[in-house]
1. For residues that are on the phi < 0 side of the Ramachandran plot and either in a loop (DSSP other than H, G, I, E, B) or surrounded by fewer than 20 Cβ atoms within 10 Å (Cβ to Cβ) (or both), tally how many sit in the stretch 233-242.
2. Between a first residue in the stretch 351-364 that is farther than 11 Å from Leu305 by Cβ and of a type in the set (D, E, K, R) and a second residue that is at pLDDT below 95 and not in a helix (DSSP H, G or I), which pairs have beta carbons less than 9 Å apart while being 6 or more apart in sequence or on different chains?
3. How many residues does the stretch 450-472 hold that are outside any helix (DSSP H, G or I) and either within 22 Å of Pro39 (Cβ to Cβ) or in contact with an Asp or Glu (Cβ under 6 Å, 6 or more places away or on another chain) (or both)?
4. Scan the stretch 138-168 for residues that are within 16 Å of Pro220 (Cα to Cα) and surrounded by 23 or more Cβ atoms within 10 Å (Cβ to Cβ) and jot them down.
5. Looking at the stretch 54-61, is at least one residue surrounded by 15 or more Cβ atoms within 10 Å (Cβ to Cβ), at pLDDT below 95 and not hydrophobic (A, V, I, L, M, F, W, C)?
6. Looking only at the stretch 301-343, filter to residues that are assigned to a loop (DSSP other than H, G, I, E, B) and surrounded by fewer than 20 Cβ atoms within 10 Å (Cβ to Cβ); which one of those is modelled with the highest pLDDT?
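The values are calculated or read from the model by the stated rules, or taken from the named source; none is laboratory data. As the structure is a computational prediction, the values presented were derived from the model and not from experiment. Here the Cβ is made from the backbone with ideal geometry for all residues, glycine too, and neighbour counts use every protein chain on show.
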Amino acid sequence: MATDSKPGCRGTSPSVNGAGTLVQETPKKQPINLLRGWPAPSLLPTSLLRAAAARVLSDPAIAVPALQYGPDPGYEPLRAAVAGWLARSYDLASLSRPRSRSRCLPGGPVGADEVAITGGASQGLACVLQSFTDPWYTRRVWMAAPCYFLAGPLFEDAGFAGRLRAVREDAAGLDVRWLEERRKAEEDGVCKSPGPHRRLYRHVVYLVATSSNPSGRTLPLARRQALIRLARRYDVLVISDDVYDFLQWPTSPASPSPAPGTAGPPALLPTLSLIDAALPHDDGEHPDGRARFGNAVSNASFSKLAGPGIRTGWIHGTLALVHGFAQTGSNRSGGAASQFAAAVVHQVLVTGELERWLGGVVRPALRRRHAAVLGAIAAELAGLGVRVAGDSGGAGGAGGLFGGYFVWLGLPEGVQADEVAARAREEEELIVAPGRLFEVKGDEEAARFPGHLRLCFSWEDEADVVEGVRRLGRVLRRVLDGAAPGAGAGAEGAGRGVDIEELEKQVQTAC
């Protein structure tokens, strides 16, 4: 519930009108931000990280290398710990054949040399594009739509402005068959020399394979395998932002939440990079022998697990791809990103503290918030014709799990999300993300979302998330009733109308 004690809340205050009479002004609502995809402060493991940093700095054997330039592939103890975590967490038994032992270090199905440390998912994506793509050689970047809207600028910075293409999702996620139909040949050319340790790819596919942002969809195993086979046929590098894999929970009400201090969600669907490592090659795939680099990279991060300010993540791929990634100029010059932060994260991961925090605090909290927002949608919005789109309605993707931070809403026929978002901001002090943000820039016609909204349930307090849905309901009722913009606002906001440009500015500062 919104309270005056919470930062940002503004209570009533008396004022004097023109006649000299003391009047009580109508209180302004406390702003509620259902756009910001951040973890709530209560979900940050502050005490664990403080103790871990103290352990790192109190032991010279750990502190000195942690404060020096790191090795190109990243902090070795964290690489090994992440490899072990992946091996424990993913359902490797579901793969079509056992992974080749020659690809791994002894002692486990995932090797430390298949993992490189990054400065988070954004830095990892930028380095992958630097090392394995060329704007003259790589024809297209294919992005699952609706897409994570802040990924587009990374591809544009890498030279792909105007060559981003949308791939629609169906009920199972990215539509592989539709992608194959859209693929078109371009003129050959090459500008970069990848050298002996790297290679260039003709196409890139970008998606969030698990708990997609914003739709919540999770690509099932068969669709993942089909995508890898397509990638091999057409020289594609598949880049999956796997940032929500460890933030999934059972969707069945009968499935209990784990007790505090326990770990582990059910076994997770293998990443596309793990599937790429295990899936047999068909005849004719990679006739030039470049198969050692593979066709998929898992781009993951501790940002949603331990805090965005940690700026530490990892990629997983083949030995050749990970080695090539480590040869990126920024890694060679300064060593892998986040050396000190990686040493701190290693402490909470290797001790099991992070897994217990996720299992005992973070996933149960997100599960409660998701249930609360769905309940509020059913009570406040369903009767207005709003539907929960994608998998975010809680039916669950593969394995009966749902995860991530977002609910993807379809508005009633004819209602424009831009107008609803602008009026919510003006009339109700509510910030939501209109569907247009999630269209692929330059290919908007292929997949438009003018009637969708994304709600984030991770940032605001649980009661404020529910209150935000109530406010959204009030806005929608006014829109459906034909009320003029500003009709529900106080005197300060009345009559200003819907300002889409101002809304976009608010979005940039809110996210």
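1. Counting residues in the stretch 233-242 that are on the phi < 0 side of the Ramachandran plot and either in a loop (DSSP other than H, G, I, E, B) or surrounded by fewer than 20 Cβ atoms within 10 Å (Cβ to Cβ) (or both) gives 3.
2. Pairs found: Arg356/Pro260; Arg356/Gly261; Arg356/Thr262; Arg356/Ala263.
3. Of the residues in the stretch 450-472, 9 are outside any helix (DSSP H, G or I) and either within 22 Å of Pro39 (Cβ to Cβ) or in contact with an Asp or Glu (Cβ under 6 Å, 6 or more places away or on another chain) (or both).
4. Ala144 - this is the single residue of the stretch 138-168 that is within 16 Å of Pro220 (Cα to Cα) and surrounded by 23 or more Cβ atoms within 10 Å (Cβ to Cβ).
5. So far as the stretch 54-61 goes, no, none of its residues is surrounded by 15 or more Cβ atoms within 10 Å (Cβ to Cβ), at pLDDT below 95 and not hydrophobic (A, V, I, L, M, F, W, C).
6. Restricting to residues being assigned to a loop (DSSP other than H, G, I, E, B) and surrounded by fewer than 20 Cβ atoms within 10 Å (Cβ to Cβ), the top hit is Arg311.
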